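Participant: Once you've had a glance at the structure underneath, I'll fire off some questions.
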Amino acid sequence: MKTKFIVGSIVLLAVILINACESKQATLPSIALVSSCDTTNLTFSSGGNTMQAIINVQCGTANTSCHGPGSASGYDYSTYAGIDANYKYGLLYSALFGSLKNMPLTPQSGWDPSCMLPKFKAWMNQGCPN
C-alpha cells in the first residue's frame, strides 16, 4: 500500500512538472519578436535580404573603430572574405552567441537584437552565403 502511494505521488509530481514546463515554453516573449523578422534567403551582398548593410553599420566600415579596413582589431569585415574567414573559424558565432557574446561592443543606431541576432544565426546556419 505504501509503495502504491509513493509511485502515485511520483507520477503526479511528474505530470505537474511537465505541464509547468510546457506552459512556460508556450509564452516566451521572443517568439513574437522573431516572427516579424525576415530571416529567409539571407546572403552577404547579393539579393534583397543582405547582411552586408547590417555588418557595415554595426561592425565594419561605418563603425570604423571596430572591424573596418586597417582597424586595431585586425578583423576586416568590409569584405565577404573577412567575414567568411571568421565564420569558418567559429569567431563570428562566438562573438555573437558563444563564449564571448559581446558584439557589437558599441551598437550603432538601428541595432535591434530581437531581429539582428536571429538574422545572424539564420545566416550562419545557412553557411554564410555570399
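Participant: Consider the range 107-130. How many of its residues are more than 14 Å from residue 77 (Cβ to Cβ) and assigned to a loop (DSSP other than H, G, I, E, B)?
Facilitator: 8
Participant: Out of (1) surrounded by 11 or more Cβ atoms within 10 Å (Cβ to Cβ); (2) at pLDDT below 80, the odd one out for residue 96 is which?
Facilitator: Just one mismatch for residue 96, condition (2).
Participant: Residue 89: hydroxyl-bearing (Ser, Thr, Tyr) and touching a Gly at 6+ places or on another chain (Cβ under 6 Å), yes or no?
Facilitator: No.
Participant: Could you please give the count of residues in the range 41-99 that are out of contact with any Asp or Glu (no Cβ under 9 Å at 6 or more places or on another chain) and in contact (Cβ under 8 Å) with a residue 60 or more places away in the chain?
Facilitator: Residues that pass the stated criteria total 6.
Participant: Right, another one. Filter the range 109-130 down to the residues that are within 8 Å of the chain's Cα centre (by Cα) and in contact (Cβ under 8 Å) with a residue 24 or more places away in the chain and list them by number.
Facilitator: The answer is 116, 118, 119, 120, 121, 122.
The values are calculated or read from the model by the stated rules, or taken from the named source; none is laboratory data. Everything numeric in this text was worked out from a predicted model, so none of it was measured. Glycine also receives a Cβ, built like all others from the backbone with ideal geometry; neighbour counts cover every protein chain displayed.
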